[in-house]
Every structure is written in structure tokens, then in C-alpha cells.
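**Q** Shown below is the structure under consideration.
The values are calculated or read from the model by the stated rules, or taken from the named source; none is laboratory data. Treat the numbers as computed from the prediction; the structure is a model and nothing was measured. Cβ sites come from the backbone with ideal geometry, for glycine too, and all protein chains shown count toward neighbours. Only protein heavy atoms, including side chains, enter the accessible area calculation; ligands, DNA and RNA are left aside. Shrake-Rupley method; radii C 1.70, N 1.55, O 1.52, S 1.80 Å.
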Amino acid sequence: MKFPNPFRLPPLDPKLKVVGSTPIFQDCTRQELENLKPYLHERNYLAGEIVFDEGEEGEGVYIVVSGKFRVSRKGMLKKKNLGEILPGECFGEIALLKSIPRLATVVAEEPSVAFALFRSELERLADSRPRLGFKVAIQVARLMSGRLQRLLEGNSDSHIFS
Amino acid sequence: MNQEIKLPQPRRLEHPVIWIGVIGGTLGSIVLLDRIAWLALPLILAVVLYYLVHPFLLRLQHWGVSPNHSLGIFLILASLLCVVASLTVLPAMLNSLSRFQTNLPDTMQRLTQIASEFLQNIESRFPLAKRAGLSAGLQARIDFFAQGRATQFAGDAALFGFKWLPSLLLVPFLTFFFLRDGTAFHQMILRAVPNAFFEKTLLLFDRMNRQMHAYFRGMFWLTVLDTVSLGIGLWLLGLGMGIFTLWQALLLGLVCAVFAWVPYLGTAVGGLVAICVCALQAPHHPQLLLGVVLLFCGVRLLDEFVYTPATVGRALHVHPLVTVMMIFAGGMLGGVYGLLLALPLLGIFTVLGQMFGEIWFDSRLRARHTARNLLEKRLASNDLDL
């Protein structure tokens, strides 16, 4: 007969697992991800639905849980397609640091689910859990510096603009 | 060729429809809250308590305590505080109330005598006041009050207490659930918001939350500062005459600071209460009364130029003319409720109006919402032979 192990933690919510696999939250512990959960807003998008427009004031980051999103940017003559974002990736990270206009438009390519995390809520969470706030901030900074480096080397990708 | 999409600039608070909405919403809410006062009062008090207690819980979480445990610790501390208060402060309060009841006729008589002497003094100096019959008028009013009205008022006051007691018992209950489920409730409301308006709505909630947080915390600190300034001032004024102990002066300061929650009028009423108390305690020291008047004027100036800008002032960016008009309108529509709630409600509706202007008059957001509805409709009718 198998007895339940009282010390084994219940399995982590699969959606939170996806969040934990994104570059921004990869350093977070299980407990920190659980603490983050009340601040994650689950949004469902239909194929062809716009998540945000280029030039719109950005307030937070989106973490793709399922589906696919396409990133595009206005070009001189035509819309420039910058690539796609898949589950386990995120877009709009710059807005976690500062309220600035979005650098690209993001549209759902197929029915998709994303978690939204907003700057104001992350700030509030960081007030009560500074360690978590520090981890997220340092990861966003690393991500940004990596992208800046790639941009300077001439290898721009979709995420630079989101 | 790519068509350049120029995002339209949203219209903000200057739109007249929004301004009318802000003022109408504030006044409408005052009327509504006045109608359902038995429910509104505990709700408002619970919200105030929530904003005062929440930073304490955040502080505990900052030290590594989980949200549920921090709430538990707070409940234990609050219960202990209630027990200690009921064992120490409550008997003293009941004792004071009983003494107040015994001394009331004597106090009233002395107060009447002081007021009559003061009015007679004025009448002897100003013939116009004598012709108006100020002293006789006051005496007539006091006689009318004494003939049975006092008993009726006492009865009304007792009934008032019984009426509000069950309602006030709801306050800790509501505060507990606000603290425990506030985030989940916030999430639930946001889930109902369409994708197109979601970010802006969240921004609205955040601004509103910050506004209320700043206002209630500001009011709390303003009350503390007023209490200390008035209490110490009154204590120093009465030092040579042995009128107050420091604690009594602080208590009187607290009463006046609470009156000052009603903007403009409250300070005057508080000042009047302090003058009455001082006149009763030291009737033959007119310089003390002058000192109290000067103290209140000084604290009012401190309030205006130092305390309020440092505490509440930064929370509400409303023009003083609008503020005064709203306070009077609030007082007319909702009595004491209206006076107290006019400013916080105006602050909330101003933020709501600003955000509504940014969301509703933003044609791009509305177009995106319409596009989502069309996509949904197309998806739903995909397999139908229309």
C-alpha cells in the first residue's frame, strides 16, 4: 500500500511552470512563483486579435502560455514582420521598467493565452518581497543588455522591439 | 504600401461631458450613500481600516511572513489590543461618561451663565446688539431646550447608538475579508474587462488605489499632527492655571482634530468646543480664550501650509474653488456624510473621469474592441450556413 508523502509539495500549476521557464522569471523559486500568481492576469486572445499597438503607452509584460503571437513594426513602405513569440517567451518587458510607448505591434496568430504582469503590481510585490523584485529587475536588465548587444552587432530580432 | 496608422490622442479630463460626469457621480454617490447609510458607513470604515492596516501587513510580508500568516498576526494583535482597551480604557470612559452625566446640569448652567454674561457685555457696548435682544433670545432658546427637549434628545441619542451598533460590528468582519481576498476580488473584476481596455483599466485601478491610499494615510497622519499640536498647545496655555493634564489636553486635541476632518467648517466647530471647555474650566481668564483662538488660528495656518501639503495635499489635485463648492453641495445633499465624503469621492471620480476619457474617447481602443467582437462572431458562425 502506498502512503502519501506529507513532505512532498503538490505539483506546480502547469501555467506557472511556463512562467518559470521564461528568461525573466527563470531565477524565481517555486515559492516566489506562487507569490507572483495573484498578480498574473490571464488573458485569452483570438486569432488576429491585437494585444497592443505600436506607440501605445506600455504598462507591463506579457508571458505566452499557449498559442503564437506575431510582432510587427511600421516600416518606411510596408509593415515589417519581426518574427513570432511562442510559449515560454515574453514580450513588452521594457514596460516593466518604464512607461514608454510600445515599440511594435503584437497580434495573436492563433487562439492564444498570455499572462500579463503590470509594472505597478510588480512594484507593489517588490515592496513586500524585495528579493523577488530584485531577481526580476536584474533579469530584465540582463535581457535588455543582451538585446542591445545583438542590436549593435546587427542581429536584431523580434524581441528588441516589443 | 503600408498605410501609416496614426493613433488618435485620447481626450482627457477637459472634456465637458467628463467634468459633468465627475461632479454628477460625486453628488449622486453622496445621495446614494446617505440613503443606504447603515451599509455605507461600515463599508467606508472598513475601506479606511483596510488602507491603514494594509501597509502593516506588507511590512510583515517584507520580513518574510506569508500573506495569510501576516493577517493572522494582525488579528491576534488587534484582538489583544481590544481586550486591553476593554479592560483599561473602557471602564475609565464609562466612569467619565457617568461623571459627565452627573455634572451636565451644572455644566450647562455655567456655560449658559458665561454666554449670557458675554452677550450682556456686548449689548452694553453696542446698542445694535441690545436692540437685537441677543441675551434674551439665548435665554428663550435655553428655556425651550430645558422644557423636556433635553430628555427627548437624550432618548434620540440612545436610539442612535442602538441603531448603529450592529452596523458598526460589521466593520472588522468586512475589513478582514478586504485584507484576505482583496487581490482575488481585484483579479475577478479585471477578468471581466475586454482585452482592448484591459491595460488602461488596470492603470485606472492602480491610480485609484494610490489616490485612496494616499488620502486615508494622509488623513491619519494629519489627525496625529493636529492632535499633537493642539494638545500640546492647549496644555501649555493652561499650564499656569492647572486646567488640563497633558492627556486631557491631547484628548481634547484629538476631538478637535477629528472635527477638522470636515474641511473648513470642522476647524471652526472644533475651536468652539475647545473654547467652551476652556470657558468652563477657567471662566475668569479671558486671556486663555484669546490664547485658544490664536492657537486654533496658528494650527489652521500650519495645517494649510505645512501639514496638509505634506500629508493629504499631494493626493488630491483639485482646484480649491471646486473643492469648496463640492463640500457645500455635499453638505446640502448628504449632511455630515456629504461633508466628510465630498473630497475623497471627488478624488476618486476625478481619476475615474480621467481614465474614462482616456479609454472611451480613444477610438483606436474602441476599434480594437469592435474587431474582437467581429472575430468572435465570425468564429461562432464559422460552421453555420449563413
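**Q** Go through (1) more than 30 Å from A:V113 (Cβ to Cβ); (2) within 33 Å of the chain's Cα centre (by Cα); (3) open to solvent by less than 80 Å² (accessible area, probe 1.4 Å); (4) at pLDDT below 80 and name the single condition B:M208 misses.
**A** Of the numbered conditions (1) more than 30 Å from A:V113 (Cβ to Cβ); (2) within 33 Å of the chain's Cα centre (by Cα); (3) open to solvent by less than 80 Å² (accessible area, probe 1.4 Å); (4) at pLDDT below 80, the odd one out for B:M208 is (1).
**Q** Can you name every residue in segment B:21-51 that is buried (at least 17 other Cβ atoms within 10 Å of the Cβ) and among the aromatic types (F, W, Y)?
**A** B:Y50, B:Y51
Let's see how each residue does on (1) farther than 26 Å from B:A268 by Cβ; (2) at pLDDT 85 or above; (3) open to solvent by less than 60 Å² (accessible area, probe 1.4 Å); (4) more than 12 Å from every other protein chain (Cβ to nearest Cβ):
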{"position": "B:A132", "(1), (2), (3), (4)": "no, no, no, yes"}
{"position": "B:R141", "(1), (2), (3), (4)": "no, no, no, yes"}
{"position": "B:F160", "(1), (2), (3), (4)": "no, no, no, yes"}
{"position": "B:L179", "(1), (2), (3), (4)": "yes, yes, yes, yes"}
{"position": "B:P194", "(1), (2), (3), (4)": "yes, yes, yes, no"}
{"position": "B:H213", "(1), (2), (3), (4)": "yes, no, yes, no"}
{"position": "B:M219", "(1), (2), (3), (4)": "no, no, yes, yes"}
{"position": "B:V224", "(1), (2), (3), (4)": "no, yes, yes, yes"}
{"position": "B:G233", "(1), (2), (3), (4)": "no, yes, yes, yes"}
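**Q** Scan (1) open to solvent by 30 Å² or more (accessible area, probe 1.4 Å); (2) touching a residue at least 60 places away in the same chain (Cβ under 8 Å); (3) more than 10 Å from chain B (Cβ to nearest Cβ); (4) part of a loop (DSSP other than H, G, I, E, B) for the single condition A:P11 breaks and write down its number.
**A** (2)
**Q** Please verify whether B:F244 is open to solvent by 20 Å² or more (accessible area, probe 1.4 Å), in contact (Cβ under 8 Å) with a residue 12 or more places away in the chain and in contact with a Ser or Thr (Cβ under 9 Å, 6 or more places away or on another chain), treating the condition exactly as stated.
**A** In short, no.
**Q** Sticking with this one: From the list A:V64, A:V113, A:V51, which residue is open to solvent by less than 30 Å² (accessible area, probe 1.4 Å), away from chain B (no Cβ under 12 Å) and not in a helix (DSSP H, G or I)?
**A** A:V64
**Q** What's the number of the only condition in (1) surrounded by 11 or more Cβ atoms within 10 Å (Cβ to Cβ); (2) free of Cβ contacts under 8 Å to residues at least 60 places away in the same chain; (3) under 26 Å from B:H284 (Cα atoms) that B:R110 fails to meet?
**A** (2)
**Q** Return only the number of the condition from (1) more than 14 Å from chain A (Cβ to nearest Cβ); (2) assigned to a helix (DSSP H, G or I); (3) touching a residue at least 24 places away in the same chain (Cβ under 8 Å); (4) hydrophobic (A, V, I, L, M, F, W, C) that B:V269 does not satisfy.
**A** (3)
**Q** Oh, and also: Hey, among the residues in segment A:116-134 that are of a type in the set (D, E) and under 16 Å from the mean Cα position of the chain (by Cα), which one's nearest to the other protein chains (Cβ to nearest Cβ)?
**A** A:E121
**Q** Looking at segment A:14-48, which of the residues that are assigned to a helix (DSSP H, G or I) and charged (D, E, K, R) is least open to solvent (accessible area, probe 1.4 Å)?
**A** A:E32
**Q** Looking at this structure, is A:V71 closer than 13 Å to A:F91 by Cβ, within 12 Å of chain B (Cβ to nearest Cβ), at pLDDT 90 or above and not in a helix (DSSP H, G or I)?
**A** Judged against the criteria, A:V71 is not a match.
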